[in-house]
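The structure under discussion appears below in the form of structure tokens.
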Amino acid sequence: MPDALLRDARLWRGNGQAPLRAEPTGHAALDALLPGGGWPCAALSEIVYPAPGAGELQLAMPLLVRLARAEQALAMVAPPHLPYAPGLVQQGLATQRLLVVDTRDEADALWAAEELLRARAGAVLLWQDAIAPTAQRRLQLAAEHGGGFALVYRCVARRDTASVAALRLGIERVAGSARVEVLKCRGARPDRACAIAA
């Protein structure tokens, strides 16, 4: 039993951390900055962006394509704009695996995201700026339960607010390319940045 506890990735220790299960982001420069080499598995990650079109969806696209090819369900909950299906297909995403959920309010969006994660969706992307820490914890537990990836998108004004996410990334457009900054991550120091193609 103690050995199993020491291998649990949720355990933080003063001299290191248990091995972190991760899935590559599909962006080699970003993977090199992240413990485990990518998105933490069965966890909540957060992406902070200034405005739609900063590359925030492109950041997750390689993961979504891989999960769809593995025949896992994907969901986008309360996106700011209706996703452009031909563009998603051009990126290699099998759109028959994608569910887009348009909700009346933030409470419905949170409920939908949590239920989808508990139902073992491969990845759930949720756009919600003012998500409370208690709601974040519920999404984290749902991701752990279902084994999927929970990605929450928030506007840059929420960059300095508290978050329980295992990984927080900030993305912005700089000179025509997307610049990604690691704001918080388990198992390593943040404040590192790289450029990605977006």
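When the residues of the range 142-184 are narrowed to those that are among the acidic types (D, E) and within 20 Å of H27 (Cβ to Cβ), which ends up farthest from the chain's Cα centre (by Cα)?
Checked the range 142-184; the qualifying residue farthest from the chain's Cα centre (by Cα) is E172.
Condition test on A75, is it under 23 Å from L167 (Cα atoms) and either modelled with pLDDT under 95 or out of contact with any His (no Cβ under 6 Å at 6 or more places or on another chain) (or both)?
Yes.
Within the range 146-164, track down each residue that is buried (at least 24 other Cβ atoms within 10 Å of the Cβ) and within 12 Å of C41 (Cα to Cα).
Matches in the range 146-164: G148, F149, A150, L151.
Going by the conditions given, is A60 in contact (Cβ under 8 Å) with a residue 60 or more places away in the chain, open to solvent by less than 20 Å² (accessible area, probe 1.4 Å), assigned to a loop (DSSP other than H, G, I, E, B) and closer than 20 Å to S177 by Cα?
No; evaluated as a whole, the condition is false for this residue.
Count, please, the residues in the range 25-52 that happen to be open to solvent by 30 Å² or more (accessible area, probe 1.4 Å), in contact (Cβ under 8 Å) with a residue 24 or more places away in the chain and over 24 Å from A162 (Cα atoms).
3
Give, as residue ranges, the strands (runs of 3 or more DSSP E) completely inside the range 64-145 that count at least 1 residues that are surrounded by 20 or more Cβ atoms within 10 Å (Cβ to Cβ).
Output list reads 74-77, 123-127.
Which of the following residues is without any contact (Cβ under 8 Å) to a residue 24 or more places away in the chain, surrounded by 15 or more Cβ atoms within 10 Å (Cβ to Cβ) and within 23 Å of G55 (Cα to Cα): E172, E181?
E181
Among (1) under 18 Å from V48 (Cβ atoms); (2) polar (S, T, N, Q); (3) at pLDDT below 95, where does Q140 come up short?
(3)
The values are calculated or read from the model by the stated rules, or taken from the named source; none is laboratory data. Everything quoted here is computed from the prediction, not taken from an experiment. So basically every Cβ, Gly included, is an ideal-geometry build from the backbone, and we count neighbours across all protein chains shown. Just so you know, the surface numbers come from the protein's heavy atoms only, side chains and all, with ligands and any DNA or RNA stripped out. Shrake-Rupley method; radii C 1.70, N 1.55, O 1.52, S 1.80 Å.
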